[in-house]
Amino acid sequence: MKILQVVNRIPFPLNDGGNIGVHYYTEGFLKAGVELSMLAMNTSRHWVNTEQLPDLYRQLKHFVTVPIDNRVRILPALLNLFSSKSYNIERFVSKHFELALIDLLKKEDFDVIQLEGLYLAPYIHVIRQYSKAKISIRQHNIEFRIWERLAARAVNPLKKAYLRLLAARLKRFELEHMNDYDLVLPISKEDEQYYRDLGTEAEVFLHPFGIHTPDIPCCPAISQPLSLYHIGAMDWLPNQESVNWLVEKVMPLVNKALPETILYLAGRNMPSFYFENTWKNVVVLGEVPDALAFERDKSILLVPLLSGGGVRIKIFQGMAMGKAIVTTPVGIEGIEASDGTHVFIAEDPESFAARIIELVHNPRLVAEMGEAARNLIMEKYSRQHLIASLLARYQQLLVKS
C-alpha cells in the first residue's frame, strides 16, 4: 500500500505529545511494510534542522519539507477580525506548500493520503484535483472544543470574547469540511461519538493511540524521595492553563502536607514567565534533550488538563513506563483507564492535591498503580495491532471503491 502522510510540522524531536502521535504512524507504517511518503511543513514555531533527523526519514519513499512562517503576528491577527476566516487555519495556508503537494501528486499515485489534523484541510481540493487517493484525517482533537473550553475558563472579558470568536470561526470551518474526507479517524470514543452525533456522511473509524512498548523503558518509581513531574509542549495554551492551575492552586496545598516534595516542569517553548517566577518546591527546566531520560527517575506524572480534547499521549507514555499518574476528567478522555486502579482522577485543587499526598505517603500504591497502568497499555494499546487494523480498514476502503 502506498500512503502519503501530510503533516503541519515535522514530528521530531519526540519531546511532546503531538510529535509522538504522528511519529507513531510514521514508524508503524514503515514497520508494517507500507511504501510511505511524507509532506511536511517546517514551521517557524517548530523549526527542525532536517539534516539532524534520524535514519527513519531515509526510509521514506518521498520526504518533502516546505518552510512555513506560522508565527502569530499582531497585525494579521487584528486584520483577521474584519474577515470571516479562521485565523487558526489561515496561519497554515501556503501557496508554496500547495505547489509542493501538486508536484508530489504528479510524481506518485498514492492509495491513501492521511492528513494529520484539521490544519491540512485547506488542501483537500488540491488533492481531489490531482489524485484519486482516498483521503483520511486523523483528528488529534475536536479543535474548536479546545478553544470553547479556554473561552469558558477565561476571566478577562476581552480575552474571553476573542477566544469565543476564534472558537466560533474554527467550528464553522470544521463543520464545513466535515464531509470532505473518505475516512475520519478519531482517537477517542468521546470524539467518535461527537462526529456521529453531528451526522457526518464520512465513514468514521475509531483508532486510538498505541504504544510500541519495547521502545518504552519500564521504570516505575523506586527512588526516594518520591518526586512529581509535568512535561508537555508549553506553547500550547491548554498546557499553560493546566500548569498555572497546578503551581498556583494545587502545589500550595501539597507543600503544606509534603514540604520536601519537588515538582519538576519540563517542555519545549517554555515561556519566560515560568523561569522568572519562583514557586516553592517547583523546579522549571524548560525543554529537555531527552524526554524519556528526564522521566526515568521521576515518580508521579501530573496531567491537570482543564481544556483540550483527543487524548494525552504523555499519559499513554507514562503508563507504559509504569508511572503513577494523577490527572483530570479532561486529561483521561480517550483512555479506558479506571480511577484508583490505573490512574487517579481529580477535578478540583483540593482533591487533586489529596491524591498526590496519598500517593507520596504510600510508595507501595505508587508501584501497584504503575504496574497496573503498564499492563493495561500492553493489553489494549499495542501499536502493532492497531496499525494492522487501520491498514485493513484502508484496504476495505480501496476495495469498496
*asked:* Less than 19 Å apart at the alpha-carbon level, and either on another chain or at least 8 residues along: which lysines does that give for LYS31?
replied: LYS2, LYS61
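Return the loop-located GluC sites (Glu not before Pro) in the range 148-249 (DSSP other than H, G, I, E, B) with at most 13 other Cβ atoms within 10 Å of their own Cβ; answer none if there are none.
Values: sites: GLU148, GLU174, GLU176, GLU190, GLU192, GLU201, GLU203, GLU241, GLU248; in loops: GLU201.
Those that pass, being in a loop and sparsely packed, are GLU201.
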*Please list, or write none, the aspartates and glutamates whose alpha carbon is within less than 13 Å of the alpha carbon of LYS159, excluding same-chain residues fewer than 8 places away.*
GLU148
*Sort all Cα-Cα distances of the range 214-380 into consecutive 5 angstrom bins from zero, then give the percent of pairs in each bin up to the one containing the longest distance.*
1, 9, 20, 23, 23, 16, 5, 1, 0
*Using 7 Å Cα-to-Cβ label points, what is the ASN179/LEU79 separation (nm, one decimal)?*
3.4 nm
*How many Lys pairs in the range 214-380 lie less than 26 angstrom apart by Cα atoms, where the lysines are 8 or more positions apart or on different chains?*
16
*With θ set to phi - 60°, apply the Karplus curve 6.51 cos²θ - 1.76 cosθ + 1.60 along the range 239-246 and write out the HN-Hα couplings as whole Hz, x wherever there is a Gly or Pro.*
5, 4, 4, 5, 5, 4, 4, 5
*If we restrict to alpha carbons, what Rg and Dmax does the chain come to, in Å?*
21.1, 64
*For ARG58 and ILE124, FRET efficiency with R0 = 35 Å and r from the beta-carbon atoms, rounded to 0.05?*
0.75
*Hey, could you pull the Cα Rg and Dmax for the range 55-167, both in Å?*
17.2, 51
*Distance (nanometres) between label positions extended 7 Å along Cα→Cβ at VAL72 and CYS218*: 4.2 nm
*Against the longest principal axis of the chain, how steep is helix 95-107, in degrees 0 to 90 to the nearest 10, with axes from Cα atoms?*
60 degrees
*What list of ³J(HN,Hα) values in whole Hz, one per residue of the range 182-192 in order, does the Karplus curve 6.51 cos²θ - 1.76 cosθ + 1.60 (θ = phi - 60°) give from phi, with Gly and Pro shown as x?*
7, 8, 9, 10, x, 10, 9, 4, 4, 5, 4
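Need the full-extension length gain, ALA152 to LYS107, defined as separation in residues times 0.36 nm minus the C-alpha distance. One decimal, nm.
On the way: separation 45, 0.36 × 45 = 16.20 nm, distance 4.68 nm.
Fully extending the segment from ALA152 to LYS107 adds 11.5 nm.
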*Quick one: what are the phi-derived ³J(HN,Hα) couplings along the range 130-140, Karplus 6.51/-1.76/1.60 with θ = phi - 60°, whole Hz, x for glycine and proline?*
10, 8, 9, 5, 6, 10, 10, 10, 8, 7, 4
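None of the figures in this text is laboratory data; all of them are computed from the coordinates on show. All values derive from a computational prediction rather than experimental measurement. Heads up, the Cβs are rebuilt from the backbone with ideal geometry, glycines too, and the neighbour counts pull from every protein chain shown.
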